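Asks: Dropping a structure here in structure tokens format, bear with me for questions.
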Amino acid sequence: MANPATREQLKDYALRSLGSPVIEVNVAEEQLEDRLDEAIEYFNINHWNGTERAYFSHNITGTTLALTSAAAGNFTAGETFVGTNSGAKSVIHETSAGSNIIYQKINNLEIAPNGFTAGETITGESSGATAVINTITKGDTENGYVPVTDEIFGVQKVFTVFSNTTDSRNIFDLQYQLRLNDLYDLTSTSIVYYTTVMGHLSLLDLMLNGKTLYRFNRMQNKLFIDLDWRSDVKIGDFILVDVYKALNPTEYTKVYGEPWMKKYTTALFKKQWGLNLKKFSGLVLPGGVSMDGDGIYNEAMNEIQQLEDELIGKGAPLEFFTG
């Protein structure tokens, strides 16, 4: 049979390696699924082919107030509104779906540090419209972080791509203009001049803007970016992140046929088999046959240790991972 190309084929391969169907492998289907999940997770975290470098983009979101009635249309985008109980005040970014109001920031945090509260009435200062807040869904600008998925294991760098093209940190900045207008013909332009100017621009950017600082732990599924979320970004801006993400075996099916993966999955299945048989240690079957669960378990543990040592010893260094 060709290399396993699906989850089920890898499972069947491992069971055949243990003697099935000639020998009954006493492991439940649920236990096989758990051990296979364990093998894939270990492969993703430790194998040099278990991750891929990718770019993750995210649109900055604002906080959404869901009103108890379809009164959002009575308010106008750009007007200030205030909560009667909390005293919180903000500016409407947009209204949507008839009953939703989206805003970016709370203007008077010193008065209302916890922001608006569900159940309170809000009033538009220009329109005079009123409505009652039903639920509050905080966005990135209020949370202070970007949500990420489980598949992201590490973060290399964070790029901010601002929608405001006048911002000095925008992707279409002075460097872009220099390349566009001054380097129209590299055959007649000195590369020394280009290198000097680019080095000077890089130094100015580092001194005036600095690098985007961030904190990431993949157990949280949150990328904390150290900036002023009330003024440095706006709803609709992009955050572009250079990441390392787990290779999805469902999409890249060669993972199931990777030699180390096949051996490791088989060893984990054998370990589970041995654990199950150890419950019947000392039991003698008809004909004098006894179950050697301890022997199977110990053999599996040795195989697992050898495979993990092999992977750690030959794997690529992961010091560059953050998270």
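The values are calculated or read from the model by the stated rules, or taken from the named source; none is laboratory data. Here the structure is a predicted model, which is why all the values come from computation and not from measurement. Methodologically, a virtual Cβ is constructed for each residue, glycine included, from the backbone with ideal geometry; neighbour enumeration extends over all protein chains shown. Please note that ligands, DNA and RNA were not included when accessible areas were found on the heavy atoms of the full protein model with its side chains. Shrake-Rupley method; radii C 1.70, N 1.55, O 1.52, S 1.80 Å.
Asks: When you check residue 117 against the structure, is it at pLDDT 75 or above, part of a loop (DSSP other than H, G, I, E, B) and touching a strand residue (DSSP E or B) at 6+ places or on another chain (Cβ under 9 Å), yes or no? Full working, then the answer.
Replies: Details: at pLDDT 75 or above: yes; part of a loop (DSSP other than H, G, I, E, B): yes; touching a strand residue (DSSP E or B) at 6+ places or on another chain (Cβ under 9 Å): yes.
Against the criterion (at pLDDT 75 or above, part of a loop (DSSP other than H, G, I, E, B) and touching a strand residue (DSSP E or B) at 6+ places or on another chain (Cβ under 9 Å)), residue 117 qualifies.
Asks: Any residue that is under 30 Å from residue 312 (Cα atoms), assigned to a helix (DSSP H, G or I) and touching a Pro at 6+ places or on another chain (Cβ under 8 Å) - is there at least one of those in region 31-41? Steps first, please.
Replies: Of all residues in region 31-41, those under 30 Å from residue 312 (Cα atoms) come to 31-41.
Imposing the further condition that a residue be assigned to a helix (DSSP H, G or I) reduces the set to 31-41.
Retained after the next criterion (residues that are touching a Pro at 6+ places or on another chain (Cβ under 8 Å)): 40.
Within region 31-41, one or more residues are under 30 Å from residue 312 (Cα atoms), assigned to a helix (DSSP H, G or I) and touching a Pro at 6+ places or on another chain (Cβ under 8 Å).
Asks: Here's another thing I want to ask about it. Identify the residue in region 159-181 that is of a type outside the set (Ser, Thr, Tyr) and either modelled with pLDDT of 90 or more or surrounded by fewer than 12 Cβ atoms within 10 Å (Cβ to Cβ) (or both) and, among all such residues, is nearest to residue 201 (Cα to Cα). Break it down stepwise before answering.
Replies: Residues of region 159-181 of a type outside the set (Ser, Thr, Tyr): 159, 161-162, 164, 167, 169-175, 177-181.
Next cut, either modelled with pLDDT of 90 or more or surrounded by fewer than 12 Cβ atoms within 10 Å (Cβ to Cβ) (or both) only: 164, 177, 180-181.
Numbers: 164: 20, 177: 12, 180: 15, 181: 16 Å.
Among those residues, the one meeting the criterion is 177.
Asks: Among the listed residues 69, 96, 57, 127, which satisfies the condition of being without any contact (Cβ under 8 Å) to a residue 40 or more places away in the chain and either open to solvent by 20 Å² or more (accessible area, probe 1.4 Å) or closer than 30 Å to residue 312 by Cα (or both)?
Replies: Values: 69 fails: without any contact (Cβ under 8 Å) to a residue 40 or more places away in the chain; 57 fails: without any contact (Cβ under 8 Å) to a residue 40 or more places away in the chain; 127 fails: without any contact (Cβ under 8 Å) to a residue 40 or more places away in the chain.
Exactly one residue qualifies, and that residue is 96.
Asks: Another question, then. If the requirement is being part of a strand (DSSP E or B) and among the acidic types (Asp, Glu), which of these qualifies: 94, 142?
Replies: On the way: 142 fails: part of a strand (DSSP E or B).
None of the others qualify; the one that does is 94.
Asks: Here's something else I'd like to know. When the residues of region 276-323 are narrowed to those that are polar (S, T, N, Q) and modelled with pLDDT under 85, which ends up surrounded by the most Cβ atoms within 10 Å (Cβ to Cβ)? Walk me through how you get there before you give the answer.
Replies: Our first condition is that a residue be polar (S, T, N, Q); within region 276-323, this holds for 276, 281, 290, 298, 302, 305-306, 322.
Filter once more, keeping what is modelled with pLDDT under 85: 281, 290, 322.
On the way: 281: 11, 290: 11, 322: 17.
Here the residue is 322.
Asks: Looking only at region 27-44, count every residue that is among the polar types (S, T, N, Q) and either open to solvent by 60 Å² or more (accessible area, probe 1.4 Å) or modelled with pLDDT of 95 or more (or both) and tell me the total. Show your work before the answer.
Replies: So in region 27-44, the residues among the polar types (S, T, N, Q) come out as 31, 44.
Now restrict to residues that are either open to solvent by 60 Å² or more (accessible area, probe 1.4 Å) or modelled with pLDDT of 95 or more (or both): 31.
Residues in region 27-44 being among the polar types (S, T, N, Q) and either open to solvent by 60 Å² or more (accessible area, probe 1.4 Å) or modelled with pLDDT of 95 or more (or both): 1 in total.
Asks: Filter region 1-24 down to residues that are hydrophobic (A, V, I, L, M, F, W, C) and assigned to a loop (DSSP other than H, G, I, E, B), then give me how many there are.
Replies: Filtering region 1-24 down to residues hydrophobic (A, V, I, L, M, F, W, C) leaves 1-2, 5, 10, 14-15, 18, 22-23.
Filter again for assigned to a loop (DSSP other than H, G, I, E, B), leaving 1-2, 5, 18, 22-23.
Result for region 1-24: 6.
Asks: When both residues are 6+ apart or on different chains and their Cβ atoms are under 8 Å apart, which pairs have a first residue that lies in region 289-318 and is more than 12 Å from residue 275 (Cβ to Cβ), and a second that is modelled with pLDDT of 90 or more and among the charged types (D, E, K, R)?
Replies: Cβ pairs passing all conditions: 299/270; 303/263; 303/270; 304/271; 307/263.
Asks: In addition: Just need a number here: residues in region 260-275 that are among the small types (Gly, Ala, Ser) and at pLDDT 95 or above.
Replies: To start, the set of residues in region 260-275 that are among the small types (Gly, Ala, Ser) comprises 267, 274.
Among the residues that remain, those that are also at pLDDT 95 or above are: 267.
Number satisfying all stated conditions: 1.
Asks: Continuing with this model, one more query. Among (1) out of contact with any Pro (no Cβ under 7 Å at 6 or more places or on another chain); (2) touching a residue at least 40 places away in the same chain (Cβ under 8 Å), where does residue 20 come up short?
Replies: So residue 20 meets the others, but not (2).
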